[in-house]
Amino acid sequence: MLRHILNLPSGTHTIEILKSVQSTDPATLPLAEISVYPNPAQEYLVIRGDFPDLLRVDVLTTDGRLVASYQNRLHLDLSPLPAGVYVVQVRRKIGIINSKFIKL
């Protein structure tokens, strides 16, 4: 878990960034390391990792609602999304990798 302290015009906020990995085959763990930046993000989000079997990348709200989906893209346009905390979900043939990020 990563902990960041943000000083914003609305006040000081402490943000915890959690990463989780889910797999359909325990023998394949770990699936991959994932890096998302910039975090917090404004207009775009870049995902770094080795995903030879990438199916798609989804962006979900923290309550699990799908708000965007991208095919074969690791550079995501976030401009249509309102500010908030989201989960980027990298869907692979062997499982799913999740990482939280903040949209300013």
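Among the residues examined, E33 does not qualify as within 14 Å of I102 (Cβ to Cβ), in contact with a strand residue (DSSP E or B) (Cβ under 9 Å, 6 or more places away or on another chain) and either surrounded by fewer than 17 Cβ atoms within 10 Å (Cβ to Cβ) or modelled with pLDDT under 95 (or both). Among the conditions (1) surrounded by 11 or more Cβ atoms within 10 Å (Cβ to Cβ); (2) assigned to a loop (DSSP other than H, G, I, E, B); (3) at pLDDT below 95, H13 misses just one, which is (2).
Suppose the filter is under 16 Å from V36 (Cβ atoms) and at pLDDT 95 or above; does D58 pass it? Here the answer is yes, as D58 does meet what is asked.
Filtering the stretch 68-88 to residues that are surrounded by 15 or more Cβ atoms within 10 Å (Cβ to Cβ) and either modelled with pLDDT of 95 or more or more than 14 Å from I47 (Cα to Cα) (or both) leaves A68, Y70, L76, L78, L81, Y86, V87, V88. In the stretch 48-67, the residue that is surrounded by the fewest Cβ atoms within 10 Å (Cβ to Cβ) out of those that are part of a strand (DSSP E or B) and not charged (D, E, K, R) is L66. With (1) modelled with pLDDT under 95; (2) in a strand (DSSP E or B) as the list, and L45 as the residue in question, which single condition is left unmet? In the conditions (1) modelled with pLDDT under 95; (2) in a strand (DSSP E or B), L45 misses (1) alone.
The values are calculated or read from the model by the stated rules, or taken from the named source; none is laboratory data. Just so you know, these numbers come straight off a predicted model, no measurement behind them. Cβ atoms come from the backbone with ideal geometry, glycine included; neighbour counts cover every protein chain shown.
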